[in-house]
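For reference, the structure is listed below as structure tokens.
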Amino acid sequence: MKKEGSGVPAKIWKVDPSDPDPRAIEEAASILKSGGVVAFPTETVYGLGAIYNLVEAVKKVFQAKKRPMDNPLILHVSSFSQVSELAVDIPLEVHELAKRFWPGPLTIVLPKSARVPREVTGGLGKVAIRMPAHNVALKLIEAAGAPIAAPSANLSGRPSPTTAQHVIEDLGDAIDGILDAGETLYGVESTVIDLTSRPPVLLRPGSMPVEEIEKVLGVKIFIPSFARGLGEAEKAVAPGTKYRHYSPRATLILVESRDTINIEKVVANIRELATYHLGLGKKVGILCTDETRDRYLDIPAEVISLGSRRDFFQIAKRLYPSLRTFDSKNVDVILAEPVEERGLGLTIMNRLRKASSQRILV
């Protein structure tokens, strides 16, 4: 694999997301089978993949991302039959969840089989598995002939990539190839549920709302504080549970309400903070929503709306690209509004809290 800064760019295949060129898929799969690493699109974000049981290739994923080795990877499968290769003591609920949500943005944590190298799971006795709902990803896994271990295709700690250009910016000369199928659908990662616990535990909120999963399981899922973005897990029990994630280069300050969101208080505090930081000579960005955008236009700041507060799907989809846009504008401080913690709102707040350097309660 190329070293970062080698000046040798990754090979890029532009492909149709619904009907990718078989030659591009085969070429990318050939690189994987020879121990290389390739970035590929999923319905959530772009992933950086290696064949799961090629340990040296898996290590290259960690090296390219500068990812701590104790931070586990997700195994991507193209058929349910592959789950039995990767996990043991598979509960019946897995079949129900897979029938309802796979292919899709749900990752299930199960006891790992002996076939899964410890490098993939960060030394844990559990393995995270999902089936992506993207034609390019599924065809790549099939052509590789084995599950693909893949975290998001960005430098560790940075906002996850939702386009191939984001991958190029972070990893362009450190990986072997990129399958470019345009923008991803959801823009935030999969939801991770641990089924080795009773009740099941939410390890990371994602594109699949917890409420939908609970309907299938028929039980309430336990949501620890770290899954809300409040603190970190003691161990990296799943991607996104330990270490700072999703962060722009700028200092992100999240202004939250103590209970129910009081948007008037939030706006007033963001305006006050913007004036303060501008007075220090800093370049300020404001991350807001359609309902409040006009309230900031008299401030000499970069203002980006994520969309309507009534549309969490749109807000989630725009979040990472917006953080990267602020970086491209060399903003020093980003002031961000909260959303309600329900449905995808829980995911959005998890990402904002994990990305923030400071939280202010009003």
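The values are calculated or read from the model by the stated rules, or taken from the named source; none is laboratory data. Computed from a predicted structure; not experimentally measured. Glycine gets a Cβ as well: all are built from the backbone with ideal geometry, and neighbour counts include every protein chain shown. SASA here: full protein model, heavy atoms, side chains in, ligands and nucleic acids out. Shrake-Rupley method; radii C 1.70, N 1.55, O 1.52, S 1.80 Å.
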* Local electrostatic count at GLU189 - Lys and Arg +1, Asp and Glu -1, tallied over other residues with Cβ under 12 Å -> +3
* Rank ARG158, ARG249 by accessible area, highest first, at a 1.4 Å probe radius? -> ARG249, ARG158
* Structure fact -> Rounded to the nearest whole number, the Stokes-Einstein translational diffusion coefficient of region 1-143 at 37 °C and 0.692 mPa s (Kirkwood radius, C-alpha pairs) in µm²/s is 207 µm²/s
* Per 5 Å bin, what is the whole-percent P(r) computed from every C-alpha pair distance within region 10-89? -> 3, 12, 22, 24, 22, 12, 5, 1, 0
* Total charge dipole magnitude, the chain, about the Cα centre, Cβ charges on Lys, Arg, Asp, Glu only, Debye to nearest 20 -> 800 debye
* For the chain, what is the largest minus smallest coordinate of the Cα atoms on each principal axis, given in angstrom and ordered from greatest to least? -> 56, 51, 36
* 1.4 Å probe accessible area per residue over region 294-362, in Å² -> 39 Å²
* Environment charge at LYS14 (Cβ cut-off 14 Å; Lys +1, Arg +1, Asp -1, Glu -1) -> -4
* **Solvent-accessible surface (1.4 angstrom probe) belonging to TYR276, in square angstrom, nearest 10** => 140 Å²
* Structure fact -> Rg/Rh of region 103-212 (Cα atoms, Kirkwood Rh), to two decimals, equals 0.96
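Summing Lys, Arg as +1 and Asp, Glu as -1, what charge do residues with Cβ under 14 Å from the Cβ of VAL55 carry, VAL55 excluded?
Details: positive: LYS59, LYS60, ARG115, ARG118; negative: GLU56, GLU119.
Result for the local shell: +2.
Rolling a 1.4 angstrom probe over the protein heavy atoms, how many square angstrom per residue are accessible across region 125-231? If you can, show how the numbers build up before the last one.
Numbers: 3220 Å² over 107 residues.
That works out to 30 Å² per residue.
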* For q = 0.14, 0.20 Å⁻¹, what log10 I(q)/I(0) does region 165-219 give under the Debye formula with an equal point scatterer on each alpha carbon and no solvent? -> -0.58, -0.78
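Carbon and sulfur atoms: what percent of the 1.4 Å accessible area of region 84-207 do they account for? Don't skip to the answer; put the middle values down first.
On the way: 1900 of 3860 Å².
Ligands and nucleic acids excluded, carbon and sulfur reach 49 percent.
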* **Loop GluC sites (Glu not before Pro), region 300-362 (other Cβ atoms within 10 Å of the site Cβ: 15 or fewer; DSSP)** => GLU340
* Structure fact -> Shape descriptor, region 272-362: equivalent ellipsoid semi-axes (Cα gyration tensor, sqrt 5λ, whole Å, largest first) stand at 21, 14, 13
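Dividing the Cα radius of gyration by the Kirkwood radius, what Rg/Rh value follows for region 65-118?
Numbers: Rg = 12.3 Å, Rh = 12.5 Å.
My calculation of the ratio gives 0.99.
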